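Each remark here refers to the structure printed beneath this line.
The values are calculated or read from the model by the stated rules, or taken from the named source; none is laboratory data. These figures come from a predicted structure and were not determined experimentally. Note that each Cβ is placed from the backbone with ideal geometry, even for glycine, and that neighbours are counted across all protein chains shown. With ligands, DNA and RNA removed, areas are computed over all heavy atoms of the protein, side chains included. Shrake-Rupley method; radii C 1.70, N 1.55, O 1.52, S 1.80 Å.
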Amino acid sequence: EMCIRDRLNIFEAKRAGKATFKAINKDGDWTLEYDEVSKRIGPKTFDKYNKIKRKGLDRVEWTRLVKARFRAANTDGDRTIECDELKTKAGHRLLAVIWH
C-alpha cells in the first residue's frame, strides 16, 4: 500500500519535491539535467518547465512542476491529496516528482 498517511497537502508535497530534487541531482550542480529525470518525466514536460534554457531544471522550475502535478491530482479541489487520488494516473505523475 502506497498510502502511509491519510492525506498530503501542498506544503508537504513541495517539501518532498525539494528532497527528491536533492536526491536525484547526482552531480550536485543545482540543476536537474534530462538524464537525471528521464525516468520520472518526459521530454515535453522537461522542455515546458525548463524556462531558463540553461542546462536543466532548477529548484524553482522543479517546484513549479510539483505544484502543477499536485493541482492535477487534486481532483476534488480540497487542498489535499487523498489515497484514492494518489492511485490515479495524475497521482502517479505527482509521485514521480516527489518520491525518491
Could you tell me whether Glu33 is at pLDDT 95 or above and more than 20 Å from Leu95 (Cβ to Cβ)?
-> yes
Please specify each residue of the range 29-44 satisfying the condition of being closer than 18 Å to Trp99 by Cα and over 11 Å from the mean Cα position of the chain (by Cα).
-> Thr31, Leu32, Glu33, Tyr34, Asp35, Glu36, Ser38, Lys39, Gly42
Within the bounds of the range 76-87, is there any residue that is hydroxyl-bearing (Ser, Thr, Tyr) and either crowded, with 18+ Cβ neighbours inside 10 Å or without any contact (Cβ under 8 Å) to a residue 24 or more places away in the chain (or both)?
-> no
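May I ask you to verify whether Leu86 is within 30 Å of Asp6 (Cα to Cα), modelled with pLDDT under 95 and in contact with a Leu (Cβ under 8 Å, 6 or more places away or on another chain)?
yes
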Would you pick out the residues in the range 57-85 that are on the phi < 0 side of the Ramachandran plot and more than 13 Å from the chain's Cα centre (by Cα)?
-> Asn74, Thr75, Asp76, Asp78, Thr80, Ile81, Glu82, Cys83, Asp84, Glu85
Pairs, please: C-beta under 6 Å, at least 6 apart or cross-chain, first residue open to solvent by less than 70 Å² (accessible area, probe 1.4 Å) and in the range 8-37, second among the hydroxyl-bearing types (Ser, Thr, Tyr) and not in a helix (DSSP H, G or I)?
-> Asn9/Thr80
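Residues checked against (1) open to solvent by 40 Å² or more (accessible area, probe 1.4 Å); (2) not acidic (Asp, Glu):
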| position | (1), (2) |
| --- | --- |
| Asp6 | yes, no |
| Lys48 | yes, yes |
| Lys53 | yes, yes |
| Glu61 | no, no |
| Ala72 | yes, yes |
